[in-house]
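A.B. asks: I have a structure here, written as structure tokens, and I will follow up with some questions on it.
The values are calculated or read from the model by the stated rules, or taken from the named source; none is laboratory data. The structure presented is a predicted model; accordingly, all values stated were derived computationally and were not measured. Ideal geometry is used to build each Cβ from the backbone, glycine not excepted, and the neighbour counts take in all protein chains shown. The accessibility values were calculated without ligands, DNA or RNA, using every heavy atom of the protein model including side chains. Shrake-Rupley method; radii C 1.70, N 1.55, O 1.52, S 1.80 Å.
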Amino acid sequence: MGTNSQISSETEDDIHPPAGLHVSVKGLKEGWQKWCSEHQEQQKHNPFSHNTRLSVVVPQRGQDDYGRPLQGSLTERRGQEAHTHISDEVQRLCKEIRTIGELKDGGGRSSGTKVVAVEFGKLFEHYVTISNKLVGTLLRARKQRLVEFDGEMLWQGKDDHVVIFLVE
């Protein structure tokens with residue numbers, strides 16, 4: 001609170017707003033309501049807001065879409081791009097095996113057939129200049145039944161003599 005001398009020094013403009021600028025309780029209320037509505041609309045798109053988020057139908061276990069991103073979402077697109085990238089890596093690996101591999105007997109498969117094969121150590125030394133993901137790419141290629149080799153995992157040094165067969 002001010003003293004009497006401070007109050008008396010206030011002008012008429014300090015107490016009342018200038019002409020044309022009229023603030024009322026009704027105007028303040030409308031402004032607040034507008035802000036609240038805009039804020040609620042923004043919160044519907046805020047991924048960290050749990051109270052006002054748009055309701056999304058989430059697939060339940062056993063349904064076809066369970067565990068998959070929403071159709072048309074950015075996550076789905078990223079997954080498709082990742083799948084394409086990995087498929088290209090696997091194709092590149094098969095091409096390199098064809099390039100440096102030799103024709104050998106089909107191994108555990110039917111006798112008399114010749115397939116392209118390469119030892120893991122030789123492939124590792126060649127492929128290290130291409131990618132550092134050889135073992136993961138080999139596992140993916142085996143899952144797609146494009147290559148065959150013994151063992152679950154291949155380790156540099158220990159498994160250098162394991163033969164990798166290219167399935168055609």
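A.B. asks: Would you confirm, using the coordinates I've provided, whether T137 is polar (S, T, N, Q) and touching a Leu at 6+ places or on another chain (Cβ under 8 Å)?
C.D. replies: It is true that T137 is polar (S, T, N, Q) and touching a Leu at 6+ places or on another chain (Cβ under 8 Å).
A.B. asks: Failed condition for T99, given (1) at pLDDT 90 or above; (2) surrounded by 12 or more Cβ atoms within 10 Å (Cβ to Cβ), with all others met?
C.D. replies: (2)
A.B. asks: May I ask you to list the residues in the stretch 26-65 that are of a type in the set (F, W, Y) and modelled with pLDDT under 85?
C.D. replies: Listed by number, the list holds a single entry, F48.
A.B. asks: Then there is this: Considering only residues that are of a type in the set (D, E, K, R) and modelled with pLDDT of 85 or more, look in the stretch 106-131 and name the one that is nearest to L146 (Cα to Cα).
C.D. replies: That would be E119.
A.B. asks: Yes or no: S73 at pLDDT 85 or above, under 28 Å from L134 (Cβ atoms), open to solvent by less than 70 Å² (accessible area, probe 1.4 Å) and of a type in the set (S, T, N, Q)? Before you say what the answer is, go through the steps one by one.
C.D. replies: Details: at pLDDT 85 or above: yes; under 28 Å from L134 (Cβ atoms): no; open to solvent by less than 70 Å² (accessible area, probe 1.4 Å): yes; of a type in the set (S, T, N, Q): yes.
Against the criterion (at pLDDT 85 or above, under 28 Å from L134 (Cβ atoms), open to solvent by less than 70 Å² (accessible area, probe 1.4 Å) and of a type in the set (S, T, N, Q)), S73 does not qualify.
A.B. asks: Does L123 count as touching a residue at least 40 places away in the same chain (Cβ under 8 Å), closer than 16 Å to L103 by Cα, aliphatic (A, V, I, L, M) and open to solvent by less than 20 Å² (accessible area, probe 1.4 Å)?
C.D. replies: Details: touching a residue at least 40 places away in the same chain (Cβ under 8 Å): yes; closer than 16 Å to L103 by Cα: yes; aliphatic (A, V, I, L, M): yes; open to solvent by less than 20 Å² (accessible area, probe 1.4 Å): yes.
So L123 fits the description; yes.
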